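What follows is calculated from the coordinates using simple rules that are stated; it is not laboratory data. These numbers come from a predicted model, not from an experiment. Glycine gets a Cβ as well: all are built from the backbone with ideal geometry, and neighbour counts include every protein chain shown.
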Amino acid sequence: MRTLNRVHGRRAMAVALAGVATAGSLGVPAAADAARSHAHTASQEVPRPGPSADPGFPAFVHMPADQAAHPNAKQEWWYTVGHIRAGGHKYGYEVQLSRKGITQISITDEESGAYTSEQNAFKPDQFSTSADKLDVRMPNASLSGPLDAMHLKAELPQGKGTLDVRLKAVGPTLYNNGTGLFPFLDDTSYYYSLPDLQTSGTLTLDGSTEQVTGTSWLDRQWGNWNWDTLHKWTWMAVRLDNGQVLNLWDMFDDNGEKHWATVLSPDGTHRVVSVDPLAPQATRFETSPTTGQRYAGKWTVTIPGLNTELVVTARPVLQEIQSNQPFTPGIDEADSSVRGTYQGRPVTGDAYVEQFGRWN
């Protein structure tokens, strides 16, 4: 979900920011005063239709136009993760493409625990992005096409094979913070997710090609924030078997800790809710032998306002992206399982958990 190149300096963005009226008390990013007339509280529901429709409520991203690149933004990425089945195995995968020419690709075999990853940086003349449509092409990966037929192709790390899949958006768009815009690292971030992508195609692994079925999640984020203010964050993309979807943050920056989630229901309703800090309930720590970073592998996610408690477990704990970039502080992208209760009722699900920053 994240681009890894550090950018110095900041630029104030002259935009109105719709947010959460009670955000300060919830640990959710507070909205700009200019947008208070559009604000909603965490207990209110914001109905939204499908991925390509007008949301009917103040939103600062527009579908499908914002699938294309934003050349004036200093940071931008297309981040896809998924849970797929192929050849009797279940896999988790990540393919991230940054407008700066950085790719992150990983695959996890949930049956054996085998994990492999790779990060690469390319020169400007080696890749292209389109400002008119979704069309991102790197030497080892590409993402293009309309919302109902996106084509994702990636070379797997260490020459292990290829992932070649079609992604069809079938559920509503998740607008982070309910509007697709929120305060972020001394500036702002535009941000939406397509959390329900029907996935089909092929996976070629170690010379064997199998048909793929599953579900993927696409994150789109761009803006002009200041990386120098960030300490670390834990981010989760959670899909529950009852149809609820959570985009969750627990972020530490120069201004302290912020912890909240945007919750999307199958009918398009959004809730922005406070989440208890993750660190006190985090367990199963392991230290990376390559970076010395110390990552958690199990978290209890408590959302008091929704009477919800979820146990999220990485499988395996260490799924750290192996990078050849000297500026990378460490990033763990963990295919994970979920079990617990949502509004008091038992649920299970899948997740991806990202730990980024300084964790040692």
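When the P(r) is computed for segment 203-286, the part past 18 Å accounts for 61% of the Cα-Cα pairs. Segment 144-176 and segment 214-254 have Cα centres spaced 18 Å apart. D by Stokes-Einstein for segment 145-295, Kirkwood Rh over Cα pairs, 25 °C, 0.890 mPa s: 138 µm²/s. Label positions at residue 206 and residue 360, each projected 7 Å from the Cα along the C-beta direction, are separated by 3.1 nm. Under a cut-off of 26 Å between alpha-carbon atoms, report the lysines in cross-link reach of residue 298, not counting same-chain residues fewer than 8 places apart. Within the straight-line limit of under 26 Å, residue 298 reaches these lysines: 90, 232, 258. Under 19 Å from the Cα of residue 123, which lysines turn up, not counting those fewer than eight places away in the same chain? Of all the lysines, those that pass the test against residue 123 - Cα under 19 Å, at least 8 places apart if same chain - are 74, 100. Spatially, segment 58-98 and segment 259-286 are offset by 20 Å when compared through their Cα centroids.
Got the relative contact order for segment 23-357 handy, in percent, Cα pairs under 8 Å and 6 or more residues apart? Relative contact order comes out at 16 percent. When its C-alpha radius of gyration is set against 2.2 N^0.38 Å (N residues), segment 23-357 gives a value of 0.93. Using a cut-off of under 11 Å, list every residue of segment 195-214 whose amide N is near the label point 7 Å from the Cα of residue 148 along the Cα-to-beta-carbon line. The answer is none, because no backbone nitrogen lies closer than 11 Å to the label point.
Overall dimensions of segment 169-212, expressed as equivalent-ellipsoid semi-axes from the Cα gyration tensor (√(5λ), whole Å, largest first), are 35, 15, 4. Using equal-weight Cα scatterers in the Debye expression, the normalised intensity of segment 63-155 in log10 at q = 0.10, 0.18, 0.19, 0.21 Å⁻¹ is -0.29, -0.83, -0.90, -1.04. For a straight C-alpha distance cut-off of 18 angstrom, the lysines reachable from residue 168 (same-chain residues fewer than eight places away being disregarded) are 133, 153.
The eigenvalues of the Cα gyration tensor, multiplied by 5 and square-rooted, give segment 279-319 an equivalent ellipsoid with semi-axes of 25, 9, 6 Å from largest to smallest.
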